[in-house]
1. Please determine, in degrees from 0 to 90 and to the nearest 10, the orientation of helix A:200-216 with respect to the longest principal axis defined by the Cα atoms of chain A, where the helix direction is its Cα long axis.
2. Between the range B:204-233 and the range A:102-143, what is the C-alpha centre distance in whole Å?
3. Would you mind getting me the FRET efficiency between residue B:41 and residue B:61? Use the beta-carbon distance for r and R0 = 22 Å, nearest 0.05.
4. Using the Kirkwood formula on the Cα atoms of chain B, what hydrodynamic radius do you get, in angstrom to one decimal?
5. Which distance in nm do the two modelled labels at residue A:234 and residue A:192 give, with both placed 7 Å along the Cα-to-Cβ direction?
6. Give me a single rounded figure for A:117-127: the average over its residues of other chain Cβ atoms within 10 Å of their Cβ.
7. Got a sec? How would A:45, B:85 order by Cβ neighbour count within 10 Å, fewest to most?
8. Just subtract the alpha-carbon distance of residue A:49 and residue A:242 from 0.36 nm times their residue separation and send over the number in nm, one decimal.
């Protein structure tokens with residue numbers, strides 16, 4: 001009987017040892033699971049923040065399209081305006097001599113280089129240049145609004161819009177005066193018509209003043225504004241990218257920290273469980289002996 | 001007869017929970033797959049919207065340049081037609097027939113040379129004009145085929161034979177002179193009309209430009225909204241992945257708790 005009891009006792013001991021190990025493995029697995037849960041929660045929290053920053057970077061990248069366009073376009077427009085002025089001056093270099101050739105009786109007019117050829121067509125050409133520049137100004141102001149990022153920007157754009165409207169008014173007034181002048185044409189002979197065409201110089205000069213104002217707009221506003229916006233959005237993107245890498249580092253640290261805390265809790269729980277278990281077993285053994 | 005032990009309520013609950021979470025994990029996995037498909041589509045749309053915006057921006061610049069180029073060219077042709085036609089006639093006319101003789105300061109052969117240069121310039125100008133029309137048509141056809149469809153440029157070309165009838169000199173006979181002047185004026189008017197037509201052709205580009213500008217602003221704001229939608233979709237995928245992982249983990253956790261329970265009960 002005693003032999004049987006001993007065999008059964010030793011068998012129970014082996015089983016309890018196996019159960020103990022299984023229990024430890026299960027506990028360890030539960031610990032790993034809880035760690036995985038917390039790690040994925042931390043990851044998702046950071047990933048969402050990173051995603052928000054990435055969408056901001058994408059938006060800023062599309063802004064690049066706008067400021068690059070105007071930073072490339074405004075010098076081109078300025079050069080074109082300068083060319084208009086320079087070409088006219090170059091043309092005048094020799095035309096003054098040609099106009100004074102004895103091609104007719106009058107020194108005021110010239111058959112070889114008539115006032116119509118010199119001023120009438122040119123006034124319409126300049127008119128179209130002004131209109132084209134207005135279109136570009138309007139486009140650049142629309143893009144400036146799209147890129148604005150502060151109240152100062154809006155106020156700045158508003159001021160430029162006021163100047164823009166003022167220029168349009170000046171242009172309209174000049175055009176109205178020219179139309180009135182054309183409607184009231186009363187020329188009887190070639191000489192009178194030449195003198196009539198000469199009056200177009202006045203409208204050309206007014207439009208040239210507007211063109212110079214337009215040039216100043218591209219020089220002082222467009223170039224500076226879009227350059228500052230390039231700086232702003234490049235810095236913003238750098239900031240966002242740094243923030244993204246900071247978040248990635250913080251995420252790793254957070255997960256590691258969470259692991260340490262959980263491992264600490266797990267160890268304490270295991271110690272408690274082992275102590276309670278051994279105490280319970282001791283009490284059970286005592287009861288069996290009694 | 002041996003009595004079968006009934007499973008406890010706790011064990012049943014653990015089995016149920018484990019099953020439910022495994023099913024949830026599978027469902028979230030499916031949602032992730034479907035969302036990824038949608039996301040790929042959105043990604044393609046995002047890239048194409050970006051390319052569209054860039055293309056539109058270039059188109060606006062090209063339209064502006066084309067319109068400006070036509071303005072410059074038409075001014076050039078107007079000026080050259082008038083000066084070359086008038087001055088060739090002026091210098092090629094016999095000095096004796098002219099009321100005022102600029103040829104007093106030029107020798108006869110020099111005067112003819114200047115006249116011929118103006119005539120050559122006139123011929124060249126017509127070639128330049130036709131080349132310019134071809135050039136605008138080629139550029140326009142490649143980028144804005146509708147522009148040339150609405151207002152065909154082929155009809156604008158000046159016939160090179162037209163200049164053959166141009167007589168750049170005055171004659172003694174007044175009746176003959178009147179006929180020559182009439183013919184010359186017809187030629188001048190024809191060329192002038194063609195240049196005016198070219199000048200007016202820029203209004204087609206101006207019209208397309210206004211439309212393109214409106215489209216540009218709309219597409220720009222649409223792109224910003226689209227980026228938000230894309231980010232939202234990306235976040236949704238992240239949540240689905242997280243929920244799938246959590247469900248999987250919870251499923252395993254309940255299985256482990258079930259094992260632990262069974263072992264503890266046996267022990």
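Readers should treat all values here as calculations from the given coordinates under stated rules, not as data from a laboratory. What you see is a predicted model, and the numbers here were worked out from it, not measured in a lab. Here Cβ is always computed from backbone atoms with ideal geometry, including for glycine, and neighbour counts include all displayed protein chains.
1. Helix A:200-216 and the main axis of chain A meet at about 20 degrees.
2. The two parts, judged by their Cα centres, are 36 Å apart.
3. On the way: r = 31 Å, r/R0 = 1.40.
Once the sixth-power term is evaluated, E becomes 0.10.
4. Working: mean 1/r = 0.0378 Å⁻¹.
Result for chain B stands at 26.4 Å.
5. 6.4 nm
6. Rounded to a whole number, the mean comes out at 4.
7. Values: A:45 15, B:85 24.
Fewest to most other Cβ atoms nearby, the residues stand as A:45, B:85.
8. Numbers: separation 193, 0.36 × 193 = 69.48 nm, distance 1.29 nm.
Stretched out fully, the residue A:49 to residue A:242 stretch lengthens by 68.2 nm.
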